Amino acid sequence: VIKMKSKQQHYIYKNACLATYLLTIRLFSSGISSATPTEETNDAGNLMDFLDEPFPDVGTYEDFHTIDWLREKSRDTDRHRKITSKSKESIWEFIKSLLDAWSGWLVMLLIGLLSGTLAGVIDLAVDWMTDLKEGVCLSALWYSHEQCCWTSNETTFADRDKCPQWQKWAELMTGYTEGAGVYLLNYFLYVLWALFFSFLAVSLVRVFAPYACGSGIPEIKTILSGFIIRGYLGKWTLLIKTVTLVLAVSSGLSLGKEGPLVHVACCCGNLFCSLFSKYSKNEGKRREVLSAAAAAGVSVAFGAPIGGVLFSLEEVSYYFPLKTLWRSFFAALVAAFTLRSINPFGNNRLVLFYVEYHTPWYMAELVPFILLGVFGGLWGTLFIRCNIAWCRRRKTTLLGKYPVLEVIVVTGITAVLAFPNPYTRRSTSELISELFNDCGSLESSQLCDYINNPNMSRPVDDIPDRPAGPGVYSALWQLTLALVFKIVITIFTFGMKIPSGLFIPSMAVGAIAGRIVGIAVEQMAYHHHDWIIFKNWCRPGADCVTPGLYAMVGAAACLGGVTRMTVSLVVIMFELTGGLEYIVPLMAAAVTSKWVADAFGKEGIYEAHIQLNGYPYLDQDEFTHRTLATDVMRPRRNEPPLALLTQDSTTVEDVETLIKDTDYNGFPVVVSHESERLIGFVQRRDLILAIKSARQKQDGVVSNSVVHFTEDAPQIPASNPQPLKLRRILNLSPFTVTDHTPMETVVDIFRKLGLRQCLVTRSGRLLGIITKKDVLRHMAQMMNQDPESIMFN
């Protein structure tokens, strides 16, 4: 025991502990056994004595448990070493080793192709079903409104969205196009279609795939950190999520498809992992594939392949080696190429929001850009707190028992309030696209109803700032009402039992606020161009302010305030819009929104939902409290002693009784109960499978058989039952720390190594155990939170 009498000695001791565990990792990864000189290891030097698996499913994990990253890494190293040694034996084995090496790239190719295809189909289906609420194309029922009028020869430029082939439901039923009755009938059918789509979506989710609800990103983050949620990335979840995502977005609810597309892409990744034993039998390797699949999901969601890779690195991935970076890049590239080939938006581009601004931004405009960042941070804080409070109420009251009724009620309220306002009636993606657009001479939107100077003779792309007309002021009132509506309804929509993304609703809130601010700045610059803030850069008759740019900056600010993304957000936004010149305004707004939001709480919306659901996710925040391993380890005072196994004196009946009476995930193995000298650690599931297999296949194994974890079983009289040797399932190098190791170091070890548990010793004698759940509970307790909120192992 080292007594730390000074701060200097404390840091020396901490550094010594860090050096010790780093050296242990080095030895571990090099395949050097930690056994004593008298103990023998297998030929490959496997630390876990686990080269030959005598029974199936050994080394696997139960549902809602955390994987052992070190164990998975060791198994993959052994597998790779075995393949490399065999490749020298024959040409066939060499070819097999090449196929194994290229299997990762093949999986990335398949993920990109399937996720890109599904994203294109979803985009086309959403466009068609969204327009189906208002009318139908008589020439081709499967055409959306825009596609229907593309094929018409009778469309005029003034009425480009009107053509004889497209008819609204009231016109089709009554033959009239105007009047109160026509409006009310269209209103009624709009609400009816919305209710039908949402009811069908929630019913399919509830009956066939409960895991298909929500965004999926909080669970994806948890799974990538090493948690097992069986079925969450299954085939049924993939199918139902794809279908219900179309229905949910088409219903007009305040949600998007971008977040769920990450879940869909990860389901594709998990599907193709099952085709290769390299990934299906190793949970650590599987998570490398899922990280790349998440990048492909964002790539097709936003048409932003580089932003997708950065999103996976910054936001969702827990373990992201360099080779995963390259494979993520390749998967995102293939997915984007596939989506571009399908061309779902009909503009020969990857995205719907592509814009081309013809005016540069000026330094004075950084002030409103930063103000939009402040608004984004405040909106993010408000949304997270209100949404988490509502979701907690849903989980703890009768409201959670009636998910179908909740979806129907929210859909009804949304549809009834959305129809009268043209900016909330249309799909959110179309709304954002219109808010981003610059007002050229060919635009017919209300937002572009400016008073033109009849004597103006300028190129089409260089229209000067003009006074706002009545259409602009009418649009401002409608946008203000739409802003309040979106802010309120999104709080109650996100988290319902249907697929629901948050990216597009957050961007819509910011785009509306940004466009309003942009129009205000534009009109101030026009009417008060002699003010000192405009005098140096805005001359009379010049095109000074671009309101669409403010909408783009506002969208980035609000999305950053909710998710706390920074780098990936900026890259996604300039890929999404093509606005490469406007990176600095986007960066200023994103950083400001994060600073403002972090001032009220460090958690983004996904981390808040992870905590709400009690998932064992260890975030990257620094642990600054001065506690020791002995303060956290179990057993504590007044608790039962630690459940142990001895190396050669425990019977099969004792082991089965211990498994039956406890729910621990594993058990330390010691020399004897008296000495408690640590030998290794054995997993609960491996014990169950080993004993079950031995009873079925090995003669003479009975309840009185002695379980041996030693290399060589001692000689026993013939009258004694056959012993059961289980050394091959024993982890001979469990990670250990001393009881005086600072918890700051322990937390860092759990984060960087992905441990499930860590044994606490003193001079080789076992004192206790620290699990990931214990670490999370201790961190919650230090932050004055409820430690019992961590529900899973």
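The values are calculated or read from the model by the stated rules, or taken from the named source; none is laboratory data. In this text the structure is predicted, and so the values were computed from the model without any measurement. All Cβ positions, even for glycine, are placed from backbone atoms using ideal geometry, and neighbour counts span all protein chains on display. Accessible surface areas use protein heavy atoms only, side chains included; no ligands, DNA or RNA. Shrake-Rupley method; radii C 1.70, N 1.55, O 1.52, S 1.80 Å.
Quick look at the values:
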| item | result |
| --- | --- |
| Looking only at the stretch 559-594, and only at residues there that are assigned to a loop (DSSP other than H, G, I, E, B) and within 19 Å of Glu315 (Cβ to Cβ), the one that is least open to solvent (accessible area, probe 1.4 Å) | Met565 |
| Residue satisfying all of: in the stretch 647-661; not small (Gly, Ala, Ser) and not in a helix (DSSP H, G or I); least open to solvent (accessible area, probe 1.4 Å) among these | Thr650 |
| Selection status of Ile67, among the hydrophobic types (A, V, I, L, M, F, W, C), modelled with pLDDT of 90 or more, under 33 Å from the mean Cα position of the chain (by Cα) and open to solvent by less than 20 Å² (accessible area, probe 1.4 Å) | no |
| Residue check for Lys257: in contact (Cβ under 8 Å) with a residue 60 or more places away in the chain, open to solvent by 10 Å² or more (accessible area, probe 1.4 Å) and either touching a helix residue (DSSP H, G or I) at 6+ places or on another chain (Cβ under 7 Å) or not assigned by the TED database to the domain that holds Ala194 (or both) | yes |
| Yes/no for Tyr582 being closer than 30 Å to Thr396 by Cβ and of a type in the set (Phe, Trp, Tyr) | no |
| Qualifying positions in the stretch 97-145 - of a type in the set (Val, Ile, Thr) and surrounded by 16 or more Cβ atoms within 10 Å (Cβ to Cβ) | Val107, Ile111, Thr117, Ile122, Val126, Thr130, Val136 |
| Residues of the stretch 263-307 satisfying the condition of being among the polar types (S, T, N, Q) and open to solvent by 20 Å² or more (accessible area, probe 1.4 Å) | Asn270, Ser274, Ser277, Ser280 |
| Flag for Phe792 being at pLDDT below 85 and either outside the structural domain of Asp648 (by the TED database) or within 14 Å of Pro668 (Cα to Cα) (or both) | yes |
| Matching residues, the stretch 637-646, being modelled with pLDDT of 85 or more and either open to solvent by 80 Å² or more (accessible area, probe 1.4 Å) or within 33 Å of the chain's Cα centre (by Cα) (or both) | Pro640, Pro641 |
| Qualifying residue in the stretch 721-733 (condition: in the same structural domain as Met633 (by the TED database), in contact with a Cys (Cβ under 7 Å, 6 or more places away or on another chain) and surrounded by fewer than 22 Cβ atoms within 10 Å (Cβ to Cβ)) | no |
| Residue check, Pro668 in a loop (DSSP other than H, G, I, E, B), closer than 30 Å to Thr66 by Cβ and touching a Pro at 6+ places or on another chain (Cβ under 9 Å) | no |
| Qualifying residue in the stretch 229-240 (condition: open to solvent by less than 60 Å² (accessible area, probe 1.4 Å) and closer than 20 Å to Ser299 by Cα) | yes |
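Yes/no per residue for (1) assigned to a loop (DSSP other than H, G, I, E, B); (2) modelled with pLDDT of 90 or more:
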position: Leu371; (1), (2): no, yes
position: Phe375; (1), (2): no, yes
position: Gly380; (1), (2): no, yes
position: Phe383; (1), (2): no, yes
position: Val416; (1), (2): no, yes
position: Thr424; (1), (2): no, yes
position: Ile432; (1), (2): no, yes
position: Leu447; (1), (2): no, no
position: Asn452; (1), (2): yes, no
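Each row is one residue, and each column tells you yes or no for (1) touching a residue at least 24 places away in the same chain (Cβ under 8 Å); (2) under 28 Å from the mean Cα position of the chain (by Cα); (3) in a loop (DSSP other than H, G, I, E, B); (4) under 19 Å from Thr381 (Cβ atoms).
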{"residue": "Tyr473", "(1), (2), (3), (4)": "no, no, no, no"}
{"residue": "Leu479", "(1), (2), (3), (4)": "yes, no, no, no"}
{"residue": "Thr490", "(1), (2), (3), (4)": "yes, yes, no, yes"}
{"residue": "Val509", "(1), (2), (3), (4)": "yes, yes, no, yes"}
{"residue": "Tyr526", "(1), (2), (3), (4)": "yes, no, no, no"}
